[in-house]
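All of the numbers you see were taken from the coordinates with simple rules; none came from a lab. If you're wondering where the values come from, they're calculated on a predicted model, not measured in any experiment. Positions of Cβ are generated from backbone atoms using ideal geometry, with glycine treated the same way; all protein chains shown enter the neighbour counts.
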Ligand SMILES: *[C@@H]1O[C@H](CO)[C@@H](O)[C@H](O)[C@H]1NC(C)=O
């Protein structure tokens, strides 16, 4: 039997050896590269060595070496055989094999210039911090894009270009998760039930029956979606984007959408109407999962008023379950989500809403939908972000006393809230 101490020692010395080997290898690699176009790959790889090497590219050729590869939508050389190309890349980079089926890259973003509203950039920063917090908790990589990748694809159309480019930049990721800049994670513990989506390539939030029966353009929300990194998704994005402003059919699509959706009040083609239109077409719809069991994205005017009661409910559970009061490293917080799940079973309406989306608030421009006041938009946004921040700060030993006031925190006593 190997004693724990002994195995520690072995791992430590292997690591040091691995480090020394890496330095030596990099040196040889540099010399080789200057004489030889294809560097010689290492012949022996110990697990330690592979791990340290996970960020170095394989010298074997793959789709990146194809001069016709285009990251853009509407390219004259559309990507074909992407699923096979991704698999081949994964084979060339075996350190990414573990966890490949559940790996997610989140994409979000905002306009290239400053926000029109004087507090717009402040709010966007807080909204981005919130996404970074969620991603750190769950080991998700995040890409914030604020370049207009396709000059004509402005507003809500910009995301399809960013999502497409991210698919090619992240062959290691199975899912690309678009989250609008004005959406906030309000349950930091919640883990996406990815197994549920095994047979689908896209996940959106909405109501299947409402969309089918009433043809309402708000029956599915296009502001948050998961897209499987696949040829299907690349094809879907092309078709979806063909309804956008860069397309010769833009006006035609505006008319088609207006005739189809009785409740649409403006005549230009928009991404959400386009998404619903494609969902109702079986060719695409059969691979799109409409999630309605939890707030994959929730409407702020519905979710924010529940925060007080939800907080009271969670505090009550924490008082009765000692395991939930235990201080722990942030890295292991996902494990506590399972304990919460047990406790919250059957208490659907008293769960923290997973995502709260400030649709109609336009925090960057400040041009909120006139049905809301800008004060309620901003106050509720701050409230949601502070509600979420409390879940984060807990692991750092602090908590906001009042979720309406993000500026004040209190240190948390041991065993809080016994
Ligand atoms: C919160 O709980 C109280 C007391 O049970 C209830 O009267 C109130 O309607 C609840 N508020 C919301 C927004 O659900």
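Worth pointing out:
- With all projection directions averaged, the alpha carbon convex hull of segment 348-418 covers 6.3 nm².
- Volume in Å³ per residue [convex hull over Cα atoms, computed for segment 70-296]: 134
- In plain terms, the chain from residue 262 to residue 416 could stretch by 50.2 nm, reckoned as 0.36 nm per residue minus the Cα-Cα distance.
- Theoretical gain in end-to-end length, residue 195 to residue 319 [0.36 nm per residue, Cα-Cα removed]: 41.4 nm
- Kirkwood-type hydrodynamic radius, segment 136-209: 14.6 Å, calculated from all non-identical alpha-carbon pairs.
- Calculated Rg and Dmax of the chain using C-alpha coordinates, Å: 24.1, 75
- Computed FRET value (nearest 0.05) for residue 146 with residue 350, which takes r as the C-beta separation and R₀ as 41 Å: 0.65
- Built from the Cα atoms of segment 299-397, the convex hull projects on average onto 7.2 nm², one quarter of its surface area.
- Among 230, 72, 407, the residue with the largest mean-square fluctuation in a Gaussian network model of the chain, with springs joining Cα atoms closer than 10 Å, is 407.
- Note on the chain: GNM, Cα springs under 10 Å; of 127, 278, 385, the largest mean-square fluctuation is that of 278.
- Volume per residue of the C-alpha convex hull in segment 144-272, rounded to whole Å³: 135
- Look at where the Cα atoms of segment 114-160 and of segment 218-287 average out, and the two centres are 22 Å apart.
- Most mobile of 100, 329, 158 in a GNM of the chain (Cα contacts under 10 Å): 329
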